[in-house]
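Structure first, then comments.
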Amino acid sequence: MAEVVVWGRRPPPLGGVTRCVQGLSEALAAAGVDHMVVDWRERAAVRATLIERRALHVHNVSNVLRLLVVVAAQVLSGARTVVFFHSGTLLDQLRHPLRQRIAKWGFRFVDGVWATNASLADAIGDATGVTVKVVSPYSATPTAVEGRRRPNSAVLFVGNGHALYGLEAALAAKRDDRLVEWSWAVVVYGEESSCAAARARAELEGCKVYRNLDAQQVAAVLGEHEVLLRPTTADGDAMIVREALDAGLRVIATDVVPRPEGVELFDGTVPGLIRALITRGEVSDGLGLGLPISHEILAALGHRRVVS
């Protein structure tokens, strides 16, 4: 019988949550923990999972509406249930009265709530009154990075074409005369219909564009570039930021949420991004982030062995 049931999506596409689930599964396997990974879309697997009543069920969630399914699964299984909320879009979601009511009910119903940074934890706590633990989604073993890193090269990841990833800010910075020698790449991921516009904008501005890369391909792209840009207007504890740091890239990110130690911060403006690229930004101290999810799950199970 499984000790842990990890709920989340399998790739494709490969995004932050799917990468979190992959890394967590690898870490739990390394610790000898019997576990299952269940994709919401696999109905037969979902039905089979609901009999795992003695397991700890960990639901990876980015959309408040998903809490309806989480609560239904908890009621049907009777299992101890934790919600791990990833998305920095929470405040935008809570502006909708229906989603706000669902959040208050859903987060209160489960046995535990985790969030990817202190800002998200505070927002959930303020909206619901529950105690929220800050946990990092990153528990993956760093992927070996090979290849020749091009100097003055930057790469940006954009999910589902959402404006919050800051593509327009990055393209505006690219047009600055002081960065004319830089090469730029954009990785888009998601369904073709959702990322087509972002792909077209990046190609129009002369960026090299990739779509829906797997983990090995992501590692290869990181190995070719000097800087990862993360000009997001909202965020969690981005997996790609952690992976880029492990791969030895400079990471330049907005200061809208806590960032891992070593990330260079800027104020979210285009001039600020340009300054950070040219002169380097203020370096984050890493405060406001948590231990890896693998640590927290092993602690919840009472395991003595902790893996990273």
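Out of the residues in region 253-269 that are assigned to a strand (DSSP E or B) and of a type in the set (A, V, I, L, M), state the one that is farthest from Ala170 (Cα to Cα). Among those that are assigned to a strand (DSSP E or B) and of a type in the set (A, V, I, L, M), it is Leu265. If we keep just the residues of region 249-308 that are among the polar types (S, T, N, Q) and surrounded by fewer than 21 Cβ atoms within 10 Å (Cβ to Cβ), which is farthest from His35 (Cα to Cα)? So the residue we want is Thr279. Of all residues in region 30-83, those being assigned to a loop (DSSP other than H, G, I, E, B) and over 28 Å from Leu120 (Cα atoms) number 10. For beta carbons closer than 6 Å, sequence separation of 6+ or different chains, a first residue in region 73-86 that is under 17 Å from Asn63 (Cβ atoms) and a second that is surrounded by fewer than 16 Cβ atoms within 10 Å (Cβ to Cβ) and at pLDDT below 95, there are no qualifying pairs. State whether one or more residues within region 274-283 are part of a strand (DSSP E or B) and either in the same structural domain as Ala215 (by TED's automatic domain parsing) or over 22 Å from Arg150 (Cβ atoms) (or both). Taking every residue of region 274-283 in turn, at least one turns out to be part of a strand (DSSP E or B) and either in the same structural domain as Ala215 (by TED's automatic domain parsing) or over 22 Å from Arg150 (Cβ atoms) (or both).
Residues are listed down the side, and each one gets a yes or a no for (1) in the same structural domain as Leu14 (by TED's automatic domain parsing); (2) crowded, with 23+ Cβ neighbours inside 10 Å; (3) touching a residue at least 24 places away in the same chain (Cβ under 8 Å); (4) aliphatic (A, V, I, L, M):
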| residue | (1), (2), (3), (4) |
| --- | --- |
| Arg178 | no, no, yes, no |
| Glu181 | no, no, yes, no |
| Ser193 | no, no, no, no |
| Leu204 | no, no, no, yes |
| Cys207 | no, no, yes, no |
| Glu226 | no, no, yes, no |
| Thr232 | no, yes, yes, no |
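Can we say Thr116 is under 22 Å from the mean Cα position of the chain (by Cα) and surrounded by fewer than 18 Cβ atoms within 10 Å (Cβ to Cβ)? So Thr116 fails the test.
Figure legend. Inter-residue proximity from region 39-66: first residues assigned by TED's automatic domain parsing to the domain that holds Ser25, second residues at pLDDT 90 or above and among the basic types (Lys, Arg), beta-carbon distance below 7 Å, spacing 6+ or different chains. Indicated pairs: Leu56/Arg80; His57/Arg80; Val64/Arg99; Leu65/Arg99. Of Gln100, Gln74, all but one fail to be more than 21 Å from Arg19 (Cα to Cα) and either in contact with a Leu (Cβ under 8 Å, 6 or more places away or on another chain) or not assigned by TED's automatic domain parsing to the domain that holds Asn117 (or both); the exception is Gln100.
Entry remark, region 1-44: residues being polar (S, T, N, Q) and more than 29 Å from Leu156 (Cβ to Cβ) number 0 in total. When Val145 is tested against the conditions (1) in a loop (DSSP other than H, G, I, E, B); (2) modelled with pLDDT of 95 or more; (3) within 23 Å of the chain's Cα centre (by Cα), the lone failure is (2).
The values are calculated or read from the model by the stated rules, or taken from the named source; none is laboratory data. Treat the numbers as computed from the prediction; the structure is a model and nothing was measured. Note that we place each Cβ from the backbone using ideal geometry, even for glycine, and neighbour counts take in every protein chain shown.
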